[in-house]
1. Which numbered condition trips up residue A:49, out of (1) within 14 Å of chain B (Cβ to nearest Cβ); (2) touching a strand residue (DSSP E or B) at 6+ places or on another chain (Cβ under 8 Å)?
2. May I ask you to verify whether residue B:26 is crowded, with 24+ Cβ neighbours inside 10 Å and within 14 Å of chain A (Cβ to nearest Cβ)?
3. Name the residue that is surrounded by the most Cβ atoms within 10 Å (Cβ to Cβ), counting only residues in region A:124-148 that are more than 8 Å from chain B (Cβ to nearest Cβ) and either without any contact (Cβ under 8 Å) to a residue 40 or more places away in the chain or part of a helix (DSSP H, G or I) (or both).
4. Please work out which one of (1) over 23 Å from residue B:244 (Cα atoms); (2) buried (at least 19 other Cβ atoms within 10 Å of the Cβ) is the condition residue B:196 fails and give its number.
5. What is the number of the single condition among (1) surrounded by fewer than 19 Cβ atoms within 10 Å (Cβ to Cβ); (2) in a helix (DSSP H, G or I) that residue B:267 does not meet?
6. Just one of (1) more than 13 Å from every other protein chain (Cβ to nearest Cβ); (2) within 25 Å of residue B:68 (Cβ to Cβ); (3) touching a helix residue (DSSP H, G or I) at 6+ places or on another chain (Cβ under 8 Å) trips up residue A:84, so point out which.
7. Name the one entry in B:242, B:301 that is touching a strand residue (DSSP E or B) at 6+ places or on another chain (Cβ under 6 Å), farther than 30 Å from residue B:151 by Cβ and not assigned by TED's automatic domain parsing to the domain that holds residue B:116.
């Protein structure tokens with residue numbers, strides 16, 4: 001386990017460095033919400049939580065992964081190229097005119113199941129996929145990742161109630177609860193603070209974990225077969241995770257650090273890597 | 001009405017036959033019943049989903065099913081399967097070009113006394129701005145039935161507007177609807193283009209105009225998008241005057257479509273658009289009475305055509 005966690009930490013550091021470098025180069029992007037869910041994404045793809053075949057992204061038995069917060073696309077692009085879903089050279093186009101890689105995901109990109117950009121759709125889409133798996137007696141699971149800000153969308157709760165009514169125990173939703181949206185930090189007693197309870201009240205299994213602890217993320221995905229209802233994993237995260245000065249909530253939703261600030265972050269990463 | 005059949009029965013009976021043969025057909029209703037759906041629910045319980053009063057999620061679930069190889073039919077009240085979930089239609093179905101069919105019950109003023117929330121009079125305007133969408137507007141039970149097959153055969157998004165109620169058939173079973181329109185009558189003086197159940201009114205108007213020595217042709221444009229423009233323009237050759245008749249807002253519906261085609265192709269044609277006034281209807285009464293209020297009943301339209309003809 002310890003070895004696996006070390007490997008995941010290393011991968012996560014690599015993804016963060018790549019994301020930071022790219023955003024610093026382009027002077028454009030969404031750092032905060034990307035860094036908050038980086039550990040979750042790394043765990044899903046490198047922690048053997050998901051079954052996939054990078055050489056055959058449309059493999060019919062693959063686990064489906066849908067992300068609502070497409071702003072985190074850059075972390076996924078690096079993960080997907082690293083795993084071989086598509087050529088890393090394609091990433092050189094990113095941010096240039098005519099690039100096939102946008103600032104949101106679309107289904108033409110190998111690895112992406114859905115066209116992101118509008119919040120609140122993915123639990124419903126995931127419920128449709130999970131329902132199709134039941135109809136066709138297929139074993140794949142569907143994992144959805146949404147932000148806690150995204151959970152303000154009413155359509156999320158339509159989907160949550162639907163999934164519970166159809167007992168979609170092959171559907172899991174991770175909430176990246178970084179407690180910050182674009183313009184404000186959220187507080188404990190508003191919607192974000194009681195998500196575990198809300199999912200439970202809608203008929204889901206629901207647990208809260210530290211979204212930066214690989215041990216806790218991996219453990220949340222073990223023993224899934226014991227559930228007969230869909231599962232919500234509320235992952236407490238920090239917006240901008242990985243760089244102390246970025247960890248200030250809403251401020252770094254789409255601001256880009258200065259060259260000096262950027263250097264400071266990279267130094268922090270290097271220091272962390274040495275310890 | 002002798003031999004009159006409800007559009008829902010015509011459509012769903014055919015869809016039932018399609019579903020027997022094709023196991024990938026899945027039906028989702030947002031809590032909307034129909035007499036002819038009972039046997040569907042009974043015989044295919046695993047492929048009949050009531051997603052209840054949650055239309056946004058209905059569309060997202062349909063997209064998830066379609067992404068997993070299903071052919072999905074969504075059924076609900078027309079305003080709620082179009083406007084309530086418009087963004088889901090745009091993003092989840094259209095942007096991924098999925099084989100999902102939306103069936104909206106209540107075209108035009110079908111739900112006459114229920115006020116503007118239930119009327120289907122601005123939907124063509126918004127649905128036709130979705131690039132991937134095919135729009136079918138049946139005018140009788142034969143077209144309603146045939147369009148179940150058209151939608152099933154399609155691999156892309158389709159929207160079907162169903163009139164609520166019974167009408168006699170105009171077409172016969174052997175008709176080929178693949179051109180998207182039918183010329184029902186030829187006429188030397190003007191051409192009436194209509195869509196949906198207003199076709200029945202248009203045919204009465206044609207008869208009435210004869211008394212005024214006006215010979216009017218009648219075209220039923222049941223596929224509002226996409227339109228086979230070359231073929232359609234050919235049908236308009238020799239016509240110098242066109243009247244469009246619809247039970248939809250003046251903005252964005254049939255009249256707009258014809259106006260765009262004429263303008264874009266620089267055709268020297270005078271166009272008179274007869275449609276519903278640009279307002280939310282808070283008049284309550286029977287559908288025929290509402291048509292009189294909005295001057296889209298046969299008598300009012302005849303008067304408008306004659307006045308326009310004289311100009």
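1. Only one criterion in (1) within 14 Å of chain B (Cβ to nearest Cβ); (2) touching a strand residue (DSSP E or B) at 6+ places or on another chain (Cβ under 8 Å) is unmet by residue A:49, namely (1).
2. When the stated conditions are applied, residue B:26 passes them.
3. Across region A:124-148, the extreme among qualifying residues is A:134.
4. (1)
5. Against the list (1) surrounded by fewer than 19 Cβ atoms within 10 Å (Cβ to Cβ); (2) in a helix (DSSP H, G or I), residue B:267 comes up short only on (2).
6. Just one mismatch for residue A:84, condition (3).
7. Of the residues listed, the single one that is touching a strand residue (DSSP E or B) at 6+ places or on another chain (Cβ under 6 Å), farther than 30 Å from residue B:151 by Cβ and not assigned by TED's automatic domain parsing to the domain that holds residue B:116 is B:301.
Quick grid of which residues meet (1) away from chain A (no Cβ under 14 Å); (2) within 18 Å of residue B:137 (Cβ to Cβ):
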{"position": "B:91", "(1), (2)": "no, no"}
{"position": "B:98", "(1), (2)": "no, no"}
{"position": "B:105", "(1), (2)": "yes, yes"}
{"position": "B:114", "(1), (2)": "yes, no"}
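The values are calculated or read from the model by the stated rules, or taken from the named source; none is laboratory data. On a predicted model such as this, the values are computed, not experimentally measured, just so you know. Neighbour counts run over all protein chains shown; Cβ positions are idealised from the backbone, glycine included.
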